[in-house]
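Colleague: Here it is, the structure in full.
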Amino acid sequence: MISIQLPDGSKREFAAPVTVGEVAASIGAGLAKAALGGRVDGKLVDLSHRIERDAQLAIITDKGADGLELIRHSTAHLLAYAVKDLFPDAQVTIGPVIENGFYYDFSYKRPFTPEDLAAIEKRMGELAAKNEPVERRVLPRDEAVAYFKGLGEHYKAEIIASIPAGEDVSLYREGSFEDLCRGPHVPSTGKLKHFKLMKVAGAYWRGDHRNEMLQRIYGTAWATKEDLQQYLTMLEEAEKRDHRKLGRELDLFHLDEHSPGTVFWHPKGWTVWQEVEQYMRRVYRDNGYQEVKGPQILDRSLWEATGHWDKYRDNMFTTESEKRDYALKPMNCPGHILIFKQGIKSYRDLPLRYGEFGNCHRNEPTGGLHGIMRVRAFTQDDGHVFCTEDMILPECVAYTALLQKVYADFGFKDIIYKVATRPAQRIGSDESWDKAEHALMESLRRSGCEFEIAPGDGAFYGPKIEYTLKDALGRQWQCGTMQVDFSMAERLGAEYVTESGERKPPVMLHRAIVGSLERFIGILIEQHAGALPVWLSPVQAVVASITDAQADYAREVAKRLQKQGVRAQVDLRNEKITYKIREHSLQKAPFILVVGDKEKANSAVAVRARGNQDLGVMPLEAFVQKIEQAIHAKA
């Protein structure tokens, strides 16, 4: 007898090996119809998978993340099926699942057009409607190579040839199309109903710029029509909020091919930058951090000692002088260790907290650059805490509370917590990794935070907490981090004197709250659709005169506001007041103060707030108090 244990703890007994689909059918016709696959002893499998021994089984439907993965994976194959059906000369390469969808890379003699994309999507719908079964078979590697070469699919043959000799490979067929794949897949194409092709982009074969440029077709797929429509609506809203578009419209910054991957900040954008930086500087000051500044260029030997040269060499900008190799720093940690090493440190000096707005450079590939969200030159609100093992837990607890307050001030209340544990390739002992991982998890428990585990996603020198923000559209942005590192300070010879007089390397906590300031400002722009909170707005109030007769009074109002630290501008142009209001509204000014003869005579202002709100006429001093309160409250 084979015993199958279900998620609710119940068991089903079978006299012979049984497929996942047959187990679903034994539970009920409704489940059998809804089933897409199964998870057997933790492994995602097809409905046709045979269970030959006692096992734990969860039936997968379209209600969870596993179901979505099956749908998206299978829709990528449906895309390739449609392309081959319409363009027989196209060669298929790879087609994985990605966040919110999938893509498939093709080699074809000409670029795919928008009309091609529409035709491919239409054909996908027709093939799905056939409800053809998706069937798996296994071939020896060499036989599979010969099979795909016979089909003229040289890319597939190359992929299979890279698999170790003697291994078997699995293929999946639907209708006339057969593809190499580990699976699993939905049982038939009829399960694929709610999808859309999004765009075509270039992608090098196997990600190597020396290889052929392929065409990558992106798509999205969802369990229901409502989910698909909600996602497409979110994308429309995201396009309106695109920080690159708003950056141009609001005159905040620009990007230039004379310096790819770097940002040219305009006066308004630099004002926003300074508000973020000065706010974070106060956070440093009020929480026991000493601000430091390290050099941009450091000798290769330092990066070799830390392990970064072996791990990140391809992403580092290097230079040479007097037969010595240097690198522009991609991170600030080694420089802070060198500062720590100056002078003798005692246990009484710990925890020692350093903070730096460190300029870093990483040689990101051109295709990976994205506005100010992903750049080659960026500034981090980087901090490192040198402490003892006993201090790790309280430092992490205090840090989480601090980070939550900072994010709330910037308008983010929804935070996802994830602990990334030890990767396969790492430095340090298992004992130190045990201590570090335990401290991070326990700190989140004591902070009252539910968290996920990301196995193997830690840095090579230590595990970390990843703090991810959810924005107004539900998108996730991983910004903050806290990493526990037992190794790097020791590698560079940093020590402190213990209470017993011994010399011991400190534990090093790597932490950042906003991370890259460039990226965080991009997130802020999109979160607020360019209408930044009053305290962050580059122009907080505009004083607009109705006629020239109020010019002097308008200047007085602006000076009064500026004296209180308000970023105020005057608009004295010979334009209609309705034109001025419309223009400054488009520039998303929080307040527009209209002054005419009545306002001038009564030392008052007519206040219009962002969002076309008419707040009426009020004494100037009353408005000064109002805007000061809004700035202080981070409103």
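Colleague: Could you pull out every residue, at least 5 positions away or on a different chain, whose amide H is within less than 5 Å of the one on Q290? Hs are placed 1.01 Å off N in the peptide plane, and Pro or chain starts have none.
Modeller: The list, which skips near neighbours in sequence, is R353, Y354, G355.
Colleague: A further question on this structure: Given a cut-off of 13 Å, what percent of all Cα-Cα pairs of the stretch 126-172 lie beyond it?
Modeller: The proportion of pairs with Cα distances above 13 Å equals 59 percent.
Colleague: Now, a different point. Given a cut-off of 31 Å, name the pairs among K11/K225; K156/K191; K329/K563 whose C-alpha atoms lie farther apart than that in the structure shown.
Modeller: Cα-Cα > 31 Å for K11/K225; K329/K563; rest within.
Colleague: Identify which of the listed values of P(r) over Cα pairs in 20 Å bins from 0, in percent was calculated from the structure shown: [x] 15, 39, 35, 11, 1; [y] 17, 45, 31, 7, 0, 0; [z] 18, 48, 25, 6, 3, 0.
Modeller: Among [x] 15, 39, 35, 11, 1; [y] 17, 45, 31, 7, 0, 0; [z] 18, 48, 25, 6, 3, 0, the one calculated here is [x].
Colleague: What distance in nm separates the simple spin-label points at S346 and Q425, each placed 7 Å from Cα in the Cβ direction?
Modeller: The modelled label-to-label distance comes out at 4.4 nm.
Colleague: Also, quick follow-up: So how do 377-383, 143-149, 613-619, 540-546 stack up, highest first, on mean other-Cβ count within 10 Å?
Modeller: Per-residue Cβ counts within 10 Å, averaged per peptide and sorted highest first, yield 540-546, 377-383, 143-149, 613-619.
Colleague: May I pose another question? Taking only Cα atoms of the stretch 93-153, what ratio of Rg to Rh do you get with Rh as the Kirkwood inverse-distance radius?
Modeller: 1.02
Colleague: Quick check: net charge around N574, other residues with Cβ under 13 Å of its Cβ, Lys/Arg +1 and Asp/Glu -1?
Modeller: 0
Colleague: So for S603, S487, S447, fewest C-beta neighbours within 10 Å to most, what's the order?
Modeller: S603, S447, S487
Colleague: Under a Cβ-only charge scheme (Lys and Arg +1, Asp and Glu -1), can you give me the dipole magnitude of the stretch 28-132 about the Cα centre, in debye to the nearest 20?
Modeller: Using Cβ point charges on Lys, Arg, Asp and Glu, the stretch 28-132 gives about 140 debye.
Colleague: What is the Rg over Rh value, at two decimals, for the stretch 37-160, using alpha-carbon atoms and the Kirkwood definition of Rh?
Modeller: So for the stretch 37-160, dividing Rg by the Kirkwood Rh gives 1.01.
Colleague: Okay, next question. Describe numerically, in nm with one decimal, the distance between label points set 7 Å from Cα along Cα→Cβ at A119 and at D227.
Modeller: 3.1
Colleague: What is the Cα centroid distance between the stretch 573-635 and the stretch 544-559, reported in whole angstrom?
Modeller: With the stretch 573-635 and the stretch 544-559 each reduced to a Cα centre, they are spaced 12 Å.
Colleague: Still on this model: Counting other beta carbons within 10 Å of each residue's own, what order do Y108, Y467, Y496 fall into, fewest first?
Modeller: Y108, Y496, Y467
Colleague: How large is the direction-averaged shadow of the alpha-carbon convex hull of the stretch 58-129, in nm²?
Modeller: 5.5
Colleague: Express in whole angstrom the spacing between the alpha-carbon centres of the stretch 208-282 and the stretch 320-373.
Modeller: What the calculation gives is 26 Å, centre to centre.
Colleague: Right, next: Using alpha carbons only, how many angstrom separate the centre of the stretch 436-477 from the centre of the stretch 153-175?
Modeller: Centre-to-centre (Cα) distance: 37 Å.
Colleague: Another question, then. Multiplying the sequence separation of D142 and N359 by 0.36 nm and subtracting their Cα-Cα distance, what value in nm do you get?
Modeller: Additional length available on full extension: 73.0 nm.
Colleague: Over the alpha carbons of the stretch 390-446, what is the largest minus smallest coordinate on each principal axis, giving the biggest first in Å?
Modeller: Taking max minus min along each principal axis of the Cα atoms, the stretch 390-446 gives 40, 25, 16 Å.
Colleague: A follow-up question, please. Over the stretch 325-456, what per residue volume does the convex hull of the Cα atoms give, in whole Å³?
Modeller: Roughly 181 Å³ of hull volume per residue.
Colleague: Kindly provide the helix-only [θ] at 222 nm of the chain, computed as the sum of -39,500 (n - 2.57) over DSSP H runs of four or more divided by all residues, to the nearest 500 deg cm²/dmol?
Modeller: Computed ellipticity for the chain at 222 nm equals -11000 deg cm²/dmol.
Colleague: So, by mean Cβ neighbours within 10 angstrom, what's the order for 111-118, 438-445, 454-461 with the highest one leading?
Modeller: Peptide ranking by packing, descending: 438-445, 454-461, 111-118.
Every read-out reported here was derived from the displayed coordinates using simple, explicitly stated rules and does not represent laboratory data. Fair warning: this is a prediction, and the values are worked out from it, not measured in the lab. Cβ atoms come from the backbone with ideal geometry, glycine included; neighbour counts cover every protein chain shown.
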